[in-house]
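Below you'll find the structure, written out as structure tokens, and then a few comments.
What follows is calculated from the coordinates using simple rules that are stated; it is not laboratory data. Please read these numbers as outputs of a predicted model, since none were measured by experiment. Here Cβ is always computed from backbone atoms with ideal geometry, including for glycine, and neighbour counts include all displayed protein chains.
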């Protein structure tokens, strides 16, 4: 895949060195490689991640979700600027569930995060469209590693609160922030069942002006709802905060809550237990994807597949029996 | 799994005979078995489907989709009664995409199809909740076979037009009916991108009373949209119909269009080519599911998985390399 001019899509050792020292071009190249589904690029990604071992795992991984209009971009921008002011570096990844289905819209749009996208201490990566759920999970996890190797201490994974992507994101982040709009009862319905249970911190955004009163009602509702839910991490009771992008209030409190979450769960052991669980989960899910890829790309099965299809069409065997024989053939094909 | 009283969840030969002769109790039992995800039930399902080979494949498989409120249930009821009047037997299966995500609501509700659910020539099977996308596809395909063995000549697979389940249903049915409401332009937006391309017949429902004029506009819009889309089956140009559940108009025309679809695609060879393609697809998808099940239930991998997890946590190897070794171990474990 090397072009005539010597350009290679695969980062070399020098580029990995550049990546580690914060070079944005090298970072972009590495992330593009991770996002590719081409088999040769997958192999190169595997090799690259192996070279980055030992440089990863040291960031705080934060999932943020909320229905469209909840003000996620503005909040991430405010939070990001706060982190940068304190001397940190922050990266934003977007997981777009609609792209998991139909190759739909792209979140994490740089144009929605004006100041952050221009800040050298921040890196915003929009979601590539048209990938499968398994592909999205893989890409996001691997991108987190690459960003960690590039020295980002805070990584935000953003998604919209429509139910599909939230569980996935909560399985690859240290804590999960749910953003809601003011207003009680009905307004909580926009959030899919099950998403509230994933939240470590719930933010009622746009708690300003005329909405201040409704924000208080929403806060009470959420506290009530959380009372019925088992906390996800020992040593941490989900907290509820009110914020306003308009007057900037609550952003600092949100960051403080995030830091407190980290301290308390590190003390209780929940932080590392969660990472360990996520790691085991990742290895298992990735191994499954690899198995399927090997199966899908095994050309030696084509003849078997064809004759099994004919046997089913002729009414000799059922499709399920045919599938059993095909999978057995794949598993045993090199055996005597 | 045999209970003290001799009850077995697995249909015996006598029950399969009863199933074939139209016994509804035997049919319900067979469908319950198909819906089970328990490993021993899966094995029994495989055995049962093998016994039904040769009795299947003779129905017309119709997918029907539309946004909630488009009038799917009423239309299926009217269509079903029409089929039964002509001496046919009809079954309805529901695919509920929300259950694929969160174990949500159940469609194909018998209470929504009053007359049909009481008719001995009809069988309505609601969607079991809480299954994975792969599980839903598997269950639906296998249920179609069981219903065919039970003698149903028309099988309707119903789903809601929100994008996830439609492509799946179109891959297991002979033709696909999309139901829309009157009103042009914006109203078509409720249907996810890509769903229109799956439609062999588009129905503008509720084309009555005040909505008659808007239905004509919608019809023109749909015809325009279809003009840009490549027909899915050679020998068939997607047709557009207006119907009304209120005065019952258009139901007969819809059925006639369905019959015409079958005749024309059988003549062009598209009907059997589509079945063949679907069959090959099914075998491949089912073999993939079987591979994953075998991997997930392989207890001998636990030690390897654990030590690989430790190596990743220690920073010795990357998670992707760990996954590669785990999948290799699974594939090669019986080899020298």
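Can you put A:113, A:13 in order, fewest other beta carbons within 10 Å first?
Fewest-to-most ranking of A:113, A:13: A:13, A:113.
Taking neighbour counts of Cβ atoms within 10 Å as a proxy for exposure, in what order, fewest first, do B:166, B:310 appear?
Result, fewest neighbours first: B:310, B:166.
What does the convex hull of the Cα atoms of the protein assembly as shown come to per residue, in Å³, rounded to a whole number?
204 Å³
With each label point set 7 Å from Cα along the Cα-Cβ vector, what nm distance links residue B:294 and residue B:132?
According to this spin-label approximation, the distance is 1.6 nm.
Over all directions, what mean area does the Cα convex hull of chain B project, stated in square nanometres?
Approximately 22.1 nm², given one-decimal rounding.
Assuming R0 = 60 Å, can you tell me the calculated FRET efficiency for the pair residue A:223 and residue B:307, based on Cβ-Cβ distance, to the nearest 0.05?
Rounded to the nearest 0.05, the efficiency is 0.85.
To the nearest 500 deg cm²/dmol, what mean residue ellipticity at 222 nm is calculated for the protein assembly as shown from DSSP H runs of n ≥ 4 alone, each contributing -39,500 (n - 2.57), summed and divided by the residues?
Taken over the protein assembly as shown, the calculation gives -16000 deg cm²/dmol.
Put the label 7 Å from Cα along Cα→Cβ for residue A:298; what are its distances to the other copies, in nanometres, shortest first?
With the label placed 7 Å along Cα→Cβ, residue A:298 yields 1.1 nm.
Given points 7 Å out from each Cα along the Cα-Cβ axis, report the residue A:58 to residue A:316 separation in nanometres with one decimal.
Simple spin-label model gives 6.2 nm for this pair.
Measure nothing but the geometry: give the 0 to 90° angle between the long axis through the Cα atoms of B:24-35 and the longest principal axis through the Cα atoms of chain B, rounded to 10°.
In chain B, helix B:24-35 runs at an angle near 50 degrees to the longest axis.
Average partner chain C-beta neighbours within 10 Å, per residue of B:275-283?
5
Ordered shortest first, which distances in nm separate the 7 Å Cα→C-beta label point of residue A:132 from those of the other copies?
Residue A:132 label point versus its equivalents elsewhere: 1.2 nm.
Let's test the formula: R0 of 51 Å, r as the Cβ-Cβ distance of residue A:262 and residue A:328. What FRET efficiency results, to the nearest 0.05?
So the FRET efficiency works out to roughly 0.60.
Which of B:44, B:266, B:293 moves most in a GNM of chain B, Cα contacts under 10 Å?
Of the options given, B:293 has the highest mean-square fluctuation.
Taking the Cβ of each residue in A:299, B:281, B:96 as the centre, tally the other Cβ atoms inside 10 Å and list the residues starting with the fewest.
Placing the least packed residue first, the sequence is A:299, B:281, B:96.
Just to confirm the number: angle between the C-alpha axis of helix A:133-149 and the first principal axis of chain A, 0 to 90 degrees, nearest 10?
60 degrees
With springs connecting C-alpha atoms under 10 Å apart, model chain A as a Gaussian network and identify which of A:250, A:54, A:88 has the largest mean-square fluctuation.
A:54
Taking the label point 7 Å from Cα in the Cβ direction, how far apart in nm is residue A:310 from each other copy of itself, listed shortest first?
Values, ascending and in nm: 5.2.
Run the numbers on chain B and let me know its relative contact order in percent, using alpha-carbon pairs under 8 Å that are six or more apart.
15 percent
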